[in-house]
């Protein structure tokens, strides 16, 4: 690459084809990144607590924590719909989503959705409500910058269209990738980024490039008018106020899982099952023997 504004070639990333778990995780991440606030008015269904129906406006906004859980509810609802389930009780839906039923009912109340006592929620209507709250009832144009391993997996993922997303373009600086068919689009050169954003009305930019090129790509997306960005690069992007960035870092999630796995092992056996492994995990998690805050670690 000749400059930071261009992308390293896809050969720098591991090879991957077809729909992969990473693509599915990325799809969920994009759905979360598209979550927003409600500002329209709508109708309430019958209340679960008293069985009475009411007409009232939607709240002016939804708490961010609720927004983050809505895609999880939607995924569970799609699974129920695929099984032909017409209605679902709050405790059943909460179990499928991994939350308690009281939290689920409170979250859905922000959408103006109340189930019917003894019956539950209408699955089809709740899918519509959650989709509308997340802004998924319209077609969001998405551009993917980076046609390496992850970019190819995302472009080949077939679930975006049914979730309200349309891949408008995949861009890369590697001339050997330009012209290749990925999903429903042909890879184009990254030099066309600004023109594509303008002509396609791109709403969401996905950064799937190595860390060294990510900030420059982000700057170009922002300058072109993109205000929602999903970042897979291993760094924190600097963006101006009014630009929303969602970061997906699988290595961080794995480190958190390693922490919990080590803690469970310690609780079960009274000590780490593998001291050498425990030491390496501690190093990965950032433990520093010279750090005052680390001295609470038990002596060997």
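Key figures for this structure:
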| quantity | calculated |
| --- | --- |
| Qualifying residue in region 105-112 (condition: modelled with pLDDT of 85 or more, in contact with a strand residue (DSSP E or B) (Cβ under 9 Å, 6 or more places away or on another chain), farther than 19 Å from residue 160 by Cβ and outside the structural domain of residue 230 (by TED's automatic domain parsing)) | yes |
| Hey, residue 161 outside the structural domain of residue 70 (by TED's automatic domain parsing) and in contact with a strand residue (DSSP E or B) (Cβ under 7 Å, 6 or more places away or on another chain) or not | no |
| Residue 182 vs. criteria in contact (Cβ under 8 Å) with a residue 12 or more places away in the chain, crowded, with 18+ Cβ neighbours inside 10 Å and closer than 30 Å to residue 85 by Cβ | no |
| Any hit, region 93-102, residues being modelled with pLDDT under 80, in contact with a strand residue (DSSP E or B) (Cβ under 9 Å, 6 or more places away or on another chain) and in a helix (DSSP H, G or I) | no |
| Qualifying residue in region 205-217 (condition: assigned to a helix (DSSP H, G or I) and free of Cβ contacts under 8 Å to residues at least 40 places away in the same chain) | yes |
| Single residue of region 145-162 satisfying the filter (closer than 18 Å to residue 201 by Cβ and at pLDDT below 95) that is surrounded by the most Cβ atoms within 10 Å (Cβ to Cβ) | 160 |
| Which numbered condition residue 115 fails, given (1) touching a residue at least 40 places away in the same chain (Cβ under 8 Å); (2) closer than 24 Å to residue 162 by Cβ | (2) |
| Region 169-204, residues that are under 14 Å from residue 147 (Cβ atoms) and assigned to a strand (DSSP E or B) | 169, 170, 171, 172, 181, 182, 185, 186, 188, 189 |
| Conditions (1) buried (at least 21 other Cβ atoms within 10 Å of the Cβ); (2) touching a helix residue (DSSP H, G or I) at 6+ places or on another chain (Cβ under 6 Å); (3) under 29 Å from residue 203 (Cα atoms): number failed by residue 88 | (3) |
| Region 127-144 - residue that is out of contact with any strand residue (DSSP E or B) (no Cβ under 8 Å at 6 or more places or on another chain) and outside any loop (DSSP other than H, G, I, E, B) and, of those, surrounded by the most Cβ atoms within 10 Å (Cβ to Cβ) | 133 |
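Conditions tested, residue by residue: (1) exposed (fewer than 14 other Cβ atoms within 10 Å of the Cβ); (2) outside the structural domain of residue 206 (by TED's automatic domain parsing).
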| residue | (1), (2) |
| --- | --- |
| 222 | no, no |
| 225 | yes, no |
| 232 | no, no |
| 239 | no, no |
| 243 | no, no |
| 260 | yes, yes |
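The values are calculated or read from the model by the stated rules, or taken from the named source; none is laboratory data. If you're wondering where the values come from, they're calculated on a predicted model, not measured in any experiment. All Cβ positions, glycine included, derive from the backbone under ideal geometry; neighbour counts span all protein chains shown.
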